[in-house]
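Engineer: There's a structure below that I have some questions on.
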Amino acid sequence: MELLQLRENEIFDTLKKIKNQKFVLIGGYAVNAYTLPRFSVDCDIATEDKFSTAKITKDLEILGYERAKDTDFGPYSGDFFRYEKAIMKNFIVSFDILIKNIYDRHAKAVFAAKWVFKNSALRTLKGKTITEKLRLRIINPEALVVMKFVSCRNADIRDAFMLIPKVKDFEWVKREISERVDFENRFSKIKAKINSDQFKDNLQGVYGYIDKRLFEKHKKTVLEL
């Protein structure tokens with residue numbers, strides 16, 4: 001089994017074991033529920049309280065995960081746990097648990113876990129390298145686009161570009177973004193990025209081959225914001 005497949009298989013097996021706990025799938029694995037699947041290193045989940053979190057972490061520990069310490073946890077801060085499991089020598093799978101609030105430390109924006117739960121639903125997650133399917137609570141595409149626009153890193157712009165045709169309420173998305181950051185500033189940055197000569201190649205480097213007509217459809221939808 002290849003390393004990417006090994007990682008995804010472990011993530012799916014773990015999600016199956018904890019899916020009845022109270023959490024919402026966010027981040028890269030949530031993106032995969034709506035778009036061409038792309039590889040994600042960490043599995044990100046949001047919880048509303050420490051009680052729910054304790055039940056999840058107990059399950060993770062039973063499955064062989066350990067809480068990481070003194071680690072750079074990427075774009076998020078606040079009440080945050082990372083649980084890691086070594087499934088081979090020097091090969092680690094991790095779950096990031098964001099508790100009560102999700103703090104985007106780059107954008108200095110906050111997303112309450114209650115907001116995430118409100119804007120989520122039961123959906124089917126499909127594997128990229130495995131044939132597994134899993135039904136669990138996943139953040140809605142609109143809310144996911146809001147989070148991606150607000151953060152606005154290169155990876156987030158690629159994800160937002162792929163997610164945008166799934167959005168049904170653009171006015172809600174714009175309003176939620178504007179409550180946290182300068183919408184025009186974010187839109188200008190995203191517009192410049194997707195109009196660059198390298199964007200399509202970079203996108204395909206993550207998502208695989210993308211038909212020209214599909215690319216142009218996504219691009220038009222983004223620019224109409």
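Engineer: Let me know the charge dipole size of region 99-225 about its Cα centre in debye, to the nearest 20, where only the beta-carbon of Lys, Arg (+1) and Asp, Glu (-1) is charged.
Structural biologist: Roughly 380 debye, rounded to the nearest 20.
Engineer: Suppose all protein chains stay in the model; what accessible area per residue would a 1.4 Å probe give for region 100-215, in Å²?
Structural biologist: It amounts to 52 Å² per residue over region 100-215.
Engineer: Among [x] 17.2, 48; [y] 16.4, 52; [z] 23.4, 93, which is the computed Rg and Dmax of the Cα atoms in Å?
Structural biologist: Identified label for the calculated read-out: [x].
Engineer: Follow-up. Could you size up the charge dipole of region 107-180 around its Cα centre, putting +1 on the beta carbon of Lys and Arg and -1 on that of Asp and Glu, and report it in debye to the nearest 20? Before the final figure, lay out the partial values.
Structural biologist: On the way: 17 positive and 8 negative charges, 50 e Å.
Using only the charged Cβ atoms, the result is roughly 240 debye.
Engineer: Given the options Phe215, Leu134, Val150, identify the residue whose Cα lies farthest towards the positive end of the charge dipole of region 72-225 (+1 on Cβ of Lys, Arg; -1 on Cβ of Asp, Glu).
Structural biologist: Leu134
Engineer: Using only the alpha-carbon atoms, how far is helix 183-194 inclined from the longest principal axis of the chain? Give it as 0 to 90 degrees, nearest 10.
Structural biologist: Approximately 90 degrees, to the nearest 10.
Engineer: So, one more: For Phe39 and Lys174, what is the calculated FRET efficiency with R₀ set at 30 Å and r taken between the beta-carbons, to the nearest 0.05? All intermediate terms of the calculation are to be shown ahead of the outcome.
Structural biologist: Details: r = 30 Å, r/R0 = 1.00.
It comes to 0.50.
Engineer: State the extension gain, in nm to one decimal, for the chain segment bounded by Lys100 and Asp182, taking 0.36 nm per residue of separation less the distance between their alpha-carbons.
Structural biologist: Using 0.36 nm per residue and subtracting the Cα-Cα distance, I get 27.1 nm.
Engineer: Please tell me which of these pairs span more than 21 angstrom C-alpha to C-alpha: Lys191/Lys220; Lys166/Lys200; Lys191/Lys217; Lys114/Lys193?
Structural biologist: Details: Lys191/Lys220 11 Å; Lys166/Lys200 19 Å; Lys191/Lys217 14 Å; Lys114/Lys193 32 Å.
Long pairs (Cα-Cα over 21 Å): Lys114/Lys193.
Engineer: By how many nm would the segment from Leu223 to Asp211 grow when fully extended, if each residue of separation counts as 0.36 nm and the alpha-carbon distance is taken off?
Structural biologist: Result for the pair: 2.5 nm of gain on full extension.
Engineer: Still on this structure, I have one more. Tell me the carbon and sulfur percent of the accessible area for the chain, rounded to whole percent, probe radius 1.4 Å.
Structural biologist: Taking all protein chains in place, the chain shows 47 percent carbon and sulfur surface.
Engineer: Going 7 Å from the Cα of Gln5 along its beta-carbon direction, which residues of region 111-138 have the amide nitrogen within less than 17 Å of the resulting point?
Structural biologist: Inside the label zone: 127-133.
Engineer: At a Cα cut-off below 18 Å, give the aspartates and glutamates reachable from Lys100, other chains included and same-chain residues fewer than 8 away excluded.
Structural biologist: Partners found: Asp44, Glu48, Asp49, Asp79.
The values are calculated or read from the model by the stated rules, or taken from the named source; none is laboratory data. None of the values given here were measured: they were computed from a predicted structure. We place every Cβ from the backbone using ideal geometry, glycine too, and count neighbours over all the protein chains shown. These area figures cover heavy atoms from the full protein model, side chains too; ligands, DNA and RNA do not enter into them. Shrake-Rupley method; radii C 1.70, N 1.55, O 1.52, S 1.80 Å.
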